[in-house]
Each structure stands twice: as C-alpha cells, then as structure tokens.
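This report concerns only the one structure given below.
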Amino acid sequence: MRLDKLLANARVGSRKEVGVLIKEGRVMVDGEVVNKPGKKVEEGADLLVDGKALEVKQHVYYLLHKPQGVISATKDRNKTVLDLIRPEDLHKGLFPVGRLDKDTTGFLLLTNDGGLAHRLLSPKRGIEKTYLARLDEDLDESDIRAFQEGFLLLPEGMVTRPARLEILEKTLGRVTITEGKYHQVKRMFAKRGKEVLQLKRISMGPLKLGDLEEGTYRSLSDEEVDLLKAL
C-alpha cells in the first residue's frame, strides 16, 4: 500500500498533510528515511513518524450506525454511507459489508478487507443478524411459528431458513435471521399481512450496535476483529 495512504488510514493526518510530513523527511520505514509519498510499504513494516513508532494496519474496520435516507453503496447520486466517513482520504477501497435499505437504520460494517467481507456474507456461514421491527399491526404467537417454519419468497422461489421472532411489545418485534435476501425482513412480515414501519439492525454475529449514536461510527477493536475472523 502507498505510504501516504497507510499514514492517512492511521489518522496521522489527511493524505495531503501526511504527504508534507513524508517530503520533509519526518517518516522512516524500516530504519530509512522515505521522502516519496507513493512508496509502496509492506504490511508489518516498522514506521516512525517524528521519531515515534507507529503501528499501521492495511485493513480497516468501522462500525457505522446508519441513519435513514443514506444509501449502502460506495457511489450514488444520493448520499452514501461513505459520505459519513471523514476524512475522505479513507474512502479508497472502503465498502459496506452487505446492504441496509435506504430507510433502514442501524448496524453496518465498513471495511477494505474483501476476504473477511466475503466470509461474513456467505450463506454457508449462517451468521446471525438481528433487527428491531415496528409493525402496523399487533404480533402474536402464530407469527412466531411462521418465522420458525420459513416463508416462500418470490421470485427467488426459495424458502427462508428458520428465523427467530421475539415479541417485545404489541407491535414491536426482534427478528434474527441467518441469511440476507433482498428486503427479507420486510417481505417476511408482508407474508403475515403486516407492514414494517421502522426497521433497525442491532447486531451482526457477536458484535452489537450498542449506544453508538445514529450517523456516527467507530473503529473496531482488535478483539472485535478477531471475533469476526473466528466466525
């Protein structure tokens, strides 16, 4: 990876700012001063900035609390989830792991680790994703049984895997699925004659959204990344 991008990823500064640092000879790679921002650096290289050691990771992982009205894409005429990440120098190579509908809020993982993203999205892994759903009608025990049995979704012509529905309030349910078909949760409730008024994803695998404010994001800890890789 380019040296200036590595330093920008490590929040040393913007791509422009770290470029100045490098040209001023304030950055050392494996014991040698480097003054070219475009120099390719191998993962695990020893880096010093102004004499201080810096640990830089080529793969980055962010947990975003996606707000309504934002598109889960890298490019679109409308505002995308990447527009919430600052500085913009971090955008290159970053993408959302899976998608949330424009009007769906909550847990969304952003990364540049294509291998991990592929594994997390693989249907074979059966990774749980949990949502809070507000409905236009009351829920009952028959809905719980129907989610356990699965629904035939068209045009795919496939039956959904058993899902878990918990009734929290009359019109509020917590749904856990292990796959990610298009508009799946909304379509499952539609099969029960109910409309989803609000939908929020609160967890994926072992990671939870927690109290992260809507529209904000944070880096995953090393322990959280390890948990995802262990899946």
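The values are calculated or read from the model by the stated rules, or taken from the named source; none is laboratory data. Just so we're clear, the structure is a prediction, and the values are computed from it rather than from any experiment. Note that we place each Cβ from the backbone using ideal geometry, even for glycine, and neighbour counts take in every protein chain shown.
Cβ separations smaller than 7 Å between residues 6+ apart or across chains give no pair from the stretch 156-168 residues that are of a type in the set (Gly, Ala, Ser) to residues that are in a strand (DSSP E or B) and loosely packed, with under 13 Cβ neighbours inside 10 Å. Evaluate the stretch 135-142: report whether one residue or more is more than 21 Å from residue 81 (Cβ to Cβ) and exposed (fewer than 11 other Cβ atoms within 10 Å of the Cβ). Yes, the stretch 135-142 has at least one match.
Among the aliphatic types (A, V, I, L, M), in contact with a Pro (Cβ under 7 Å, 6 or more places away or on another chain) and surrounded by fewer than 16 Cβ atoms within 10 Å (Cβ to Cβ): is that true of residue 227 in this structure? It is true that residue 227 is among the aliphatic types (A, V, I, L, M), in contact with a Pro (Cβ under 7 Å, 6 or more places away or on another chain) and surrounded by fewer than 16 Cβ atoms within 10 Å (Cβ to Cβ).
Matching residues to (1) among the acidic types (Asp, Glu); (2) at pLDDT 90 or above; (3) buried (at least 16 other Cβ atoms within 10 Å of the Cβ):
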position	(1), (2), (3)
66	no, yes, yes
77	no, yes, no
83	yes, yes, no
92	no, no, no
96	no, yes, yes
107	no, yes, yes
115	no, yes, no
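Look at residue 44 and say whether it is small (Gly, Ala, Ser) and modelled with pLDDT of 90 or more. Here the answer is no, as residue 44 does not meet what is asked. Just the residues that are surrounded by 15 or more Cβ atoms within 10 Å (Cβ to Cβ) and touching a residue at least 40 places away in the same chain (Cβ under 8 Å), please, taken from the stretch 24-54. Residues satisfying the conditions are 41, 47, 49, 54.
Give just the number: which of (1) under 30 Å from residue 202 (Cβ atoms); (2) modelled with pLDDT of 85 or more does residue 26 not satisfy? Here residue 26 clears every test but (1).
For (1) out of contact with any helix residue (DSSP H, G or I) (no Cβ under 9 Å at 6 or more places or on another chain); (2) assigned by TED's automatic domain parsing to the domain that holds residue 73; (3) closer than 16 Å to residue 181 by Cβ, each residue gets a yes or a no:
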{"residue": "104", "(1), (2), (3)": "no, yes, yes"}
{"residue": "114", "(1), (2), (3)": "yes, yes, no"}
{"residue": "118", "(1), (2), (3)": "yes, yes, no"}
{"residue": "134", "(1), (2), (3)": "yes, no, no"}
{"residue": "140", "(1), (2), (3)": "yes, no, no"}
{"residue": "145", "(1), (2), (3)": "yes, no, no"}
{"residue": "148", "(1), (2), (3)": "yes, no, no"}
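Picking from residues in the stretch 188-217 that are among the basic types (Lys, Arg) and out of contact with any strand residue (DSSP E or B) (no Cβ under 7 Å at 6 or more places or on another chain), the one that is nearest to residue 158 (Cα to Cα) is 191. Pairs are defined by a Cβ separation below 8 Å, a sequence spacing of at least 6 or placement on different chains, a first member in the stretch 9-23 that is among the hydroxyl-bearing types (Ser, Thr, Tyr), and a second member that is in a helix (DSSP H, G or I) and surrounded by 16 or more Cβ atoms within 10 Å (Cβ to Cβ); the pairs so defined are 14/8; 14/89.
Hey, can you tell me all the residues within the stretch 1-28 that are assigned to a strand (DSSP E or B) and touching a helix residue (DSSP H, G or I) at 6+ places or on another chain (Cβ under 7 Å)? Of everything in the stretch 1-28, just one residue is assigned to a strand (DSSP E or B) and touching a helix residue (DSSP H, G or I) at 6+ places or on another chain (Cβ under 7 Å), namely 27.
Determine whether residue 201 is in a strand (DSSP E or B), modelled with pLDDT of 95 or more and not acidic (Asp, Glu). Here the answer is yes, as residue 201 does meet what is asked.
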